[in-house]
Structure formats: structure tokens, C-alpha cells
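Structure first, then comments.
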Amino acid sequence: MRLAPLIVAALLAPAVAFAGDLTVTVKGVKDANGAVLGAVYDEASFMQLPKAKAVARIKAAPGAMVLTFHGLPAGRYAVATFHDANGNGKLDWNNLGVPVEGYGFSNDAQGSGGPPKFGQAAFSFDGAGKALAIDLDY
């Protein structure tokens, strides 16, 4: 009967929140100039880099690159990524407001005259780990 108190205590203990890795394969990097950057956002922080839930940066190489976001808790997120070819830390635009560096979003979401809405790029993350792929648009 000594086991009964342990079972009761385990049942009454709060559930442990899971935090896992999100692995994002960024496809279509044109060259080895600069870096590939990515950010994970929840709905409240979407497209506000200082409020991103996680960020990653790796040296660019042609083809597919892998960004890993460690220790991400369960939630609903969207990922934005771009190839910062000139290494200035931001997505560059031409005079018409069109990006001149490759960029992409989770679900390969496309915006109309700007970035997609959060709901278009959003996915559920259970905290146990997930892999997804994003194709860059140039």
C-alpha cells in the first residue's frame, strides 16, 4: 500500500510542458554569400523580429540549408526565413518594394503585396519535435 500515495502524487502533479526541436530545411539557396536567417513567431509577435520566439543563423551554401530551433515549447507558430546574401542582417528591397534576396515562410505561404498573414504560415508544434521545409522565392 506504500505505492498508493506515490500514484496519487503523480496524478496530482502538474503536467510537464514539452519543449523540443524544430528543424527547418530552407531550399533553393542560390550561393554561398552571406547567411541564411530564420525566425519563429507566435501570432502576437509575427514579423516583429525583436519579439521572435526563436532565431537561427547559419553561413549560406548553395542548395538546401538546415536551421534548428532548440527547446521550443508547444504552440502555434509560423517561420520566416531569408538568404541575407550581403550579410547586413536584413531583407533588402529594390526601389519598387520587391525583395532582392531570397525569402520564404512556413507552409510556403505567399502574401499579396507583402508578407502572408500569420494564419497562412501557421502550424501546430506539439513540443516533441517537428521538421518542415521552406522554398525560397527570389
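The values are calculated or read from the model by the stated rules, or taken from the named source; none is laboratory data. The structure presented is a predicted model; accordingly, all values stated were derived computationally and were not measured. We place every Cβ from the backbone using ideal geometry, glycine too, and count neighbours over all the protein chains shown.
Annotations for the structure displayed:
- Residue check, Ala133 closer than 20 Å to Leu22 by Cβ and in contact with a Phe, Trp or Tyr (Cβ under 7 Å, 6 or more places away or on another chain): no
- Residues that are closer than 20 Å to Pro50 by Cβ and not in a strand (DSSP E or B), drawn from region 80-93: Gly87, Asn88, Gly89, Lys90, Leu91, Asp92
- Residue match in region 70-83 (condition: among the hydroxyl-bearing types (Ser, Thr, Tyr), within 29 Å of Gly127 (Cβ to Cβ) and free of Cβ contacts under 8 Å to residues at least 12 places away in the same chain): no
- Enumeration of residues in region 39-69 that are touching a residue at least 60 places away in the same chain (Cβ under 8 Å) and not aliphatic (A, V, I, L, M): Tyr41, Glu43, Phe46
- Meets criteria (closer than 23 Å to Lys117 by Cβ, touching a strand residue (DSSP E or B) at 6+ places or on another chain (Cβ under 7 Å), modelled with pLDDT of 95 or more and assigned to a strand (DSSP E or B)) for Val26: yes
- Applying the criterion of being polar (S, T, N, Q) and surrounded by 15 or more Cβ atoms within 10 Å (Cβ to Cβ) to the residues of region 107-136, the residue that is farthest from Ala39 (Cα to Cα) is Gln120.
- Flag for Gly104 being of a type in the set (Gly, Ala, Ser) and surrounded by 19 or more Cβ atoms within 10 Å (Cβ to Cβ): yes
One line per residue, one yes/no per condition, for (1) under 17 Å from Ala133 (Cβ atoms); (2) surrounded by 15 or more Cβ atoms within 10 Å (Cβ to Cβ):
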| residue | (1), (2) |
| --- | --- |
| Gly34 | no, yes |
| Glu43 | no, no |
| Phe46 | no, yes |
| Lys53 | no, yes |
| Lys59 | no, no |
| Gly63 | yes, no |
| Ala74 | no, no |
